[in-house]
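Participant: If you scroll down you'll find the structure; I have some questions about it.
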Amino acid sequence: MTLKSMKPLTRAPLLHVSVQESLRAYIDDNGLAPGTLLPAEGELATQLGVSRNSLREGIKALESLGVLETRRGVGIFVKAFSFEPLLDNLAYGLGGALRQIEEVLEIRRTLEVGLIGKTIDVIGEEDITELRATVNRMRAHAERGETFAQDDQLFHRLLFRCQDNETLVRLIDVFWLAFYKASDFVNLENADPMATWRDHAAIVDAIEAKDLEEARRRLDRHYEGIARVIANNKTSSNVGGTHEKTV
(Lines give C-alpha, C1' and ligand atoms only; values in the text may rest on other atoms or scores of the structure.)
Protein backbone atom coordinates (compact mmCIF):
# COMPACT_ATOMS: atom_id res chain seq x y z
CA MET A 1 0.00 0.00 0.00
CA THR A 2 1.43 3.36 -1.06
CA LEU A 3 0.77 6.09 1.48
CA LYS A 4 0.51 9.77 0.70
CA SER A 5 3.22 11.86 2.31
CA MET A 6 2.53 14.77 4.64
CA LYS A 7 3.42 18.26 3.49
CA PRO A 8 6.02 20.17 5.54
CA LEU A 9 4.52 22.74 7.88
CA THR A 10 4.59 26.37 6.83
CA ARG A 11 3.07 27.96 9.94
CA ALA A 12 5.41 28.67 12.82
CA PRO A 13 2.91 29.88 15.47
CA LEU A 14 1.36 27.21 17.70
CA LEU A 15 3.56 24.54 16.22
CA HIS A 16 2.18 21.73 18.36
CA VAL A 17 -1.33 22.54 17.07
CA SER A 18 -0.08 22.47 13.48
CA VAL A 19 1.57 19.11 14.13
CA GLN A 20 -1.73 17.73 15.45
CA GLU A 21 -3.64 19.02 12.43
CA SER A 22 -1.13 17.51 10.01
CA LEU A 23 -1.19 14.14 11.76
CA ARG A 24 -4.99 14.11 11.69
CA ALA A 25 -4.96 15.02 8.00
CA TYR A 26 -2.42 12.25 7.33
CA ILE A 27 -4.71 9.70 8.97
CA ASP A 28 -7.77 10.97 7.07
CA ASP A 29 -6.04 11.33 3.68
CA ASN A 30 -4.77 7.76 3.84
CA GLY A 31 -7.91 6.28 5.36
CA LEU A 32 -5.90 4.69 8.16
CA ALA A 33 -8.00 2.30 10.24
CA PRO A 34 -7.73 1.87 14.02
CA GLY A 35 -4.71 -0.26 14.87
CA THR A 36 -2.65 0.98 11.91
CA LEU A 37 1.02 1.55 12.74
CA LEU A 38 2.26 5.02 11.74
CA PRO A 39 5.76 5.62 10.31
CA ALA A 40 8.59 5.98 12.82
CA GLU A 41 9.00 9.27 14.69
CA GLY A 42 12.06 10.20 12.67
CA GLU A 43 10.25 9.79 9.38
CA LEU A 44 7.19 11.71 10.58
CA ALA A 45 9.36 14.56 11.87
CA THR A 46 11.22 14.72 8.55
CA GLN A 47 8.00 14.79 6.53
CA LEU A 48 6.60 17.57 8.70
CA GLY A 49 9.86 19.52 8.81
CA VAL A 50 9.82 19.77 12.62
CA SER A 51 11.98 18.54 15.47
CA ARG A 52 11.23 15.26 17.23
CA ASN A 53 10.33 17.20 20.38
CA SER A 54 7.67 19.19 18.51
CA LEU A 55 6.37 15.98 16.96
CA ARG A 56 6.16 14.31 20.35
CA GLU A 57 4.18 17.22 21.79
CA GLY A 58 1.65 16.84 19.01
CA ILE A 59 1.48 13.07 19.47
CA LYS A 60 0.94 13.44 23.24
CA ALA A 61 -1.90 15.88 22.62
CA LEU A 62 -3.57 13.45 20.20
CA GLU A 63 -3.10 10.63 22.71
CA SER A 64 -5.01 12.69 25.30
CA LEU A 65 -7.82 13.08 22.76
CA GLY A 66 -7.89 9.35 22.03
CA VAL A 67 -6.71 9.71 18.42
CA LEU A 68 -3.32 8.03 18.77
CA GLU A 69 -1.79 5.40 21.04
CA THR A 70 1.94 4.97 21.69
CA ARG A 71 3.13 1.48 22.56
CA ARG A 72 6.59 1.57 24.06
CA GLY A 73 9.12 -0.30 21.97
CA VAL A 74 6.59 -0.87 19.19
CA GLY A 75 5.44 2.44 17.73
CA ILE A 76 2.56 4.89 17.26
CA PHE A 77 -0.85 3.51 16.33
CA VAL A 78 -4.16 4.97 15.21
CA LYS A 79 -6.57 4.43 18.07
CA ALA A 80 -10.17 3.26 17.79
CA PHE A 81 -12.73 5.98 18.47
CA SER A 82 -13.90 6.27 22.05
CA PHE A 83 -16.15 8.70 23.88
CA GLU A 84 -14.03 8.44 27.03
CA PRO A 85 -11.69 11.42 26.40
CA LEU A 86 -14.74 13.55 25.56
CA LEU A 87 -16.52 12.41 28.70
CA ASP A 88 -13.52 13.06 30.92
CA ASN A 89 -13.21 16.59 29.60
CA LEU A 90 -16.97 17.18 29.73
CA ALA A 91 -17.21 16.11 33.35
CA TYR A 92 -14.24 18.28 34.28
CA GLY A 93 -15.75 21.21 32.41
CA LEU A 94 -19.06 20.78 34.21
CA GLY A 95 -17.27 20.62 37.52
CA GLY A 96 -19.68 21.18 40.36
CA ALA A 97 -22.04 23.45 38.46
CA LEU A 98 -25.40 21.94 39.33
CA ARG A 99 -27.23 23.94 36.68
CA GLN A 100 -25.12 22.28 33.97
CA ILE A 101 -25.66 18.84 35.50
CA GLU A 102 -29.37 19.55 35.31
CA GLU A 103 -29.00 20.29 31.60
CA VAL A 104 -27.27 16.95 30.97
CA LEU A 105 -30.03 15.20 32.91
CA GLU A 106 -32.71 16.94 30.84
CA ILE A 107 -31.07 15.73 27.62
CA ARG A 108 -31.09 12.16 28.95
CA ARG A 109 -34.71 12.48 30.02
CA THR A 110 -35.90 13.87 26.68
CA LEU A 111 -33.96 11.28 24.69
CA GLU A 112 -35.22 8.26 26.62
CA VAL A 113 -38.83 9.33 27.11
CA GLY A 114 -39.08 10.28 23.45
CA LEU A 115 -37.70 6.99 22.12
CA ILE A 116 -39.16 4.46 24.54
CA GLY A 117 -42.14 3.89 22.20
CA LYS A 118 -39.99 2.15 19.59
CA THR A 119 -38.53 -0.07 22.31
CA ILE A 120 -42.04 -1.19 23.27
CA ASP A 121 -42.75 -2.00 19.62
CA VAL A 122 -39.66 -4.15 19.01
CA ILE A 123 -38.33 -5.45 22.33
CA GLY A 124 -38.11 -9.23 22.69
CA GLU A 125 -38.25 -11.66 25.58
CA GLU A 126 -34.46 -11.94 25.80
CA ASP A 127 -34.03 -8.23 26.45
CA ILE A 128 -36.88 -8.19 28.97
CA THR A 129 -35.27 -11.12 30.77
CA GLU A 130 -31.96 -9.24 30.96
CA LEU A 131 -33.76 -6.13 32.21
CA ARG A 132 -35.43 -8.20 34.94
CA ALA A 133 -32.10 -9.72 35.96
CA THR A 134 -30.53 -6.26 36.14
CA VAL A 135 -33.42 -4.94 38.24
CA ASN A 136 -33.10 -7.92 40.60
CA ARG A 137 -29.41 -7.12 41.13
CA MET A 138 -30.37 -3.51 41.84
CA ARG A 139 -32.81 -4.70 44.52
CA ALA A 140 -30.17 -6.91 46.15
CA HIS A 141 -27.73 -3.99 46.28
CA ALA A 142 -30.40 -1.58 47.54
CA GLU A 143 -31.42 -3.94 50.35
CA ARG A 144 -27.80 -3.96 51.49
CA GLY A 145 -27.58 -0.18 51.22
CA GLU A 146 -25.10 -0.45 48.34
CA THR A 147 -24.85 1.64 45.18
CA PHE A 148 -25.49 0.04 41.80
CA ALA A 149 -24.20 2.51 39.21
CA GLN A 150 -23.00 -0.19 36.80
CA ASP A 151 -26.34 -1.94 36.77
CA ASP A 152 -28.08 1.40 36.34
CA GLN A 153 -25.96 2.14 33.26
CA LEU A 154 -26.60 -1.35 31.90
CA PHE A 155 -30.35 -0.97 32.49
CA HIS A 156 -30.58 2.19 30.39
CA ARG A 157 -28.47 0.64 27.65
CA LEU A 158 -30.66 -2.47 27.59
CA LEU A 159 -33.79 -0.33 27.25
CA PHE A 160 -32.69 0.72 23.78
CA ARG A 161 -30.42 -2.09 22.58
CA CYS A 162 -33.32 -3.72 20.77
CA GLN A 163 -33.58 -0.77 18.41
CA ASP A 164 -30.29 -1.80 16.73
CA ASN A 165 -29.14 1.80 16.67
CA GLU A 166 -25.51 1.89 17.75
CA THR A 167 -25.36 5.69 17.72
CA LEU A 168 -28.37 5.89 20.03
CA VAL A 169 -26.87 3.41 22.50
CA ARG A 170 -23.62 5.37 22.47
CA LEU A 171 -25.49 8.60 23.13
CA ILE A 172 -27.34 6.98 26.03
CA ASP A 173 -23.95 5.98 27.44
CA VAL A 174 -22.48 9.43 26.79
CA PHE A 175 -25.19 11.26 28.71
CA TRP A 176 -25.32 8.63 31.47
CA LEU A 177 -21.55 8.81 31.99
CA ALA A 178 -21.42 12.58 31.67
CA PHE A 179 -24.07 12.93 34.36
CA TYR A 180 -22.43 10.50 36.75
CA LYS A 181 -18.91 11.83 36.22
CA ALA A 182 -20.10 15.39 36.76
CA SER A 183 -22.18 14.31 39.78
CA ASP A 184 -19.03 13.01 41.44
CA PHE A 185 -17.79 16.59 41.78
CA VAL A 186 -20.68 17.48 44.07
CA ASN A 187 -21.14 14.06 45.64
CA LEU A 188 -24.74 13.61 44.54
CA GLU A 189 -25.86 10.58 46.49
CA ASN A 190 -28.85 8.31 46.03
CA ALA A 191 -30.76 9.04 49.22
CA ASP A 192 -33.27 6.22 48.64
CA PRO A 193 -31.84 3.29 46.63
CA MET A 194 -34.98 1.22 47.25
CA ALA A 195 -37.11 3.91 45.57
CA THR A 196 -34.69 3.92 42.64
CA TRP A 197 -34.99 0.15 42.34
CA ARG A 198 -38.80 0.42 42.38
CA ASP A 199 -38.67 3.04 39.63
CA HIS A 200 -36.66 0.73 37.38
CA ALA A 201 -38.87 -2.27 38.14
CA ALA A 202 -41.99 -0.27 37.26
CA ILE A 203 -40.44 0.77 33.94
CA VAL A 204 -39.86 -2.88 33.02
CA ASP A 205 -43.43 -3.76 34.06
CA ALA A 206 -44.81 -1.11 31.73
CA ILE A 207 -42.60 -2.19 28.83
CA GLU A 208 -43.54 -5.83 29.25
CA ALA A 209 -47.23 -4.85 29.32
CA LYS A 210 -46.72 -2.79 26.12
CA ASP A 211 -48.16 0.22 27.96
CA LEU A 212 -46.54 3.22 26.28
CA GLU A 213 -48.14 5.93 28.41
CA GLU A 214 -47.21 4.15 31.64
CA ALA A 215 -43.65 3.59 30.43
CA ARG A 216 -43.27 7.26 29.62
CA ARG A 217 -44.82 8.24 32.95
CA ARG A 218 -42.52 5.94 34.88
CA LEU A 219 -39.41 7.17 33.05
CA ASP A 220 -40.46 10.75 33.69
CA ARG A 221 -41.06 9.98 37.36
CA HIS A 222 -37.62 8.36 37.59
CA TYR A 223 -35.95 11.49 36.25
CA GLU A 224 -38.06 13.72 38.49
CA GLY A 225 -36.54 11.89 41.45
CA ILE A 226 -33.01 12.60 40.26
CA ALA A 227 -33.95 16.22 39.55
CA ARG A 228 -35.16 16.59 43.15
CA VAL A 229 -31.79 15.40 44.46
CA ILE A 230 -30.09 18.07 42.35
CA ALA A 231 -32.58 20.71 43.47
CA ASN A 232 -31.96 19.85 47.12
CA ASN A 233 -28.23 20.27 46.52
CA LYS A 234 -28.81 23.65 44.86
CA THR A 235 -30.72 25.00 47.83
CA SER A 236 -28.13 23.84 50.36
CA SER A 237 -24.91 24.68 48.51
CA ASN A 238 -23.31 27.59 46.74
CA VAL A 239 -24.70 28.40 43.30
CA GLY A 240 -22.25 27.88 40.45
CA GLY A 241 -20.55 24.84 41.85
CA THR A 242 -19.36 23.30 45.07
CA HIS A 243 -17.52 20.20 46.11
CA GLU A 244 -19.26 19.94 49.49
CA LYS A 245 -21.25 16.85 50.34
CA THR A 246 -24.78 18.09 50.90
CA VAL A 247 -27.09 15.10 50.51
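Participant: Please work out which residue is farthest from residue 21 (Cα to Cα), limiting yourself to the stretch 68-102 and to residues that are open to solvent by less than 30 Å² (accessible area, probe 1.4 Å) and modelled with pLDDT of 90 or more. I'd like the intermediate steps shown before the answer.
Facilitator: Initial filter on the stretch 68-102 (open to solvent by less than 30 Å² (accessible area, probe 1.4 Å)): 68, 75-78, 85, 87, 91, 94-98, 101.
From what is left, the residues that are modelled with pLDDT of 90 or more are 68, 75-78.
Working: 68: 13, 75: 20, 76: 16, 77: 16, 78: 14 Å.
The extreme case among them is 75.
Participant: Looking at the stretch 164-247, what helices (runs of 4 or more DSSP H) fall wholly within it and have at least 2 residues that are open to solvent by 60 Å² or more (accessible area, probe 1.4 Å) and at pLDDT 85 or above?
Facilitator: Details: elements: 166-184, 193-208, 212-236.
Filter on the stretch 164-247 gives 193-208, 212-236.
Participant: I've got another one for you. Kindly list, by first and then second residue, each pair from a residue in the stretch 186-212 that is within 23 Å of residue 118 (Cα to Cα) to a residue that is at pLDDT 85 or above and basic (Lys, Arg), limited to pairs with Cβ atoms under 6 Å and residues at least 6 apart or on different chains.
Facilitator: Partner pairs satisfying both residue conditions: 202/218; 203/218; 206/218.
Participant: Whether any residue in the stretch 108-115 is under 23 Å from residue 167 (Cα atoms), out of contact with any helix residue (DSSP H, G or I) (no Cβ under 7 Å at 6 or more places or on another chain), open to solvent by 60 Å² or more (accessible area, probe 1.4 Å) and at pLDDT 90 or above is what I want to check.
Facilitator: Yes: one or more hits.
Participant: Looking at this structure, is residue 42 surrounded by fewer than 18 Cβ atoms within 10 Å (Cβ to Cβ) and within 26 Å of the chain's Cα centre (by Cα)?
Facilitator: No: the conditions fail for residue 42.
The values are calculated or read from the model by the stated rules, or taken from the named source; none is laboratory data. Please read these numbers as outputs of a predicted model, since none were measured by experiment. Positions of Cβ are backbone-derived with ideal geometry, glycine not excepted, and every protein chain shown enters the neighbour counts. Side chains included, ligands, DNA and RNA excluded: accessible areas come from the protein's heavy atoms. Shrake-Rupley method; radii C 1.70, N 1.55, O 1.52, S 1.80 Å.
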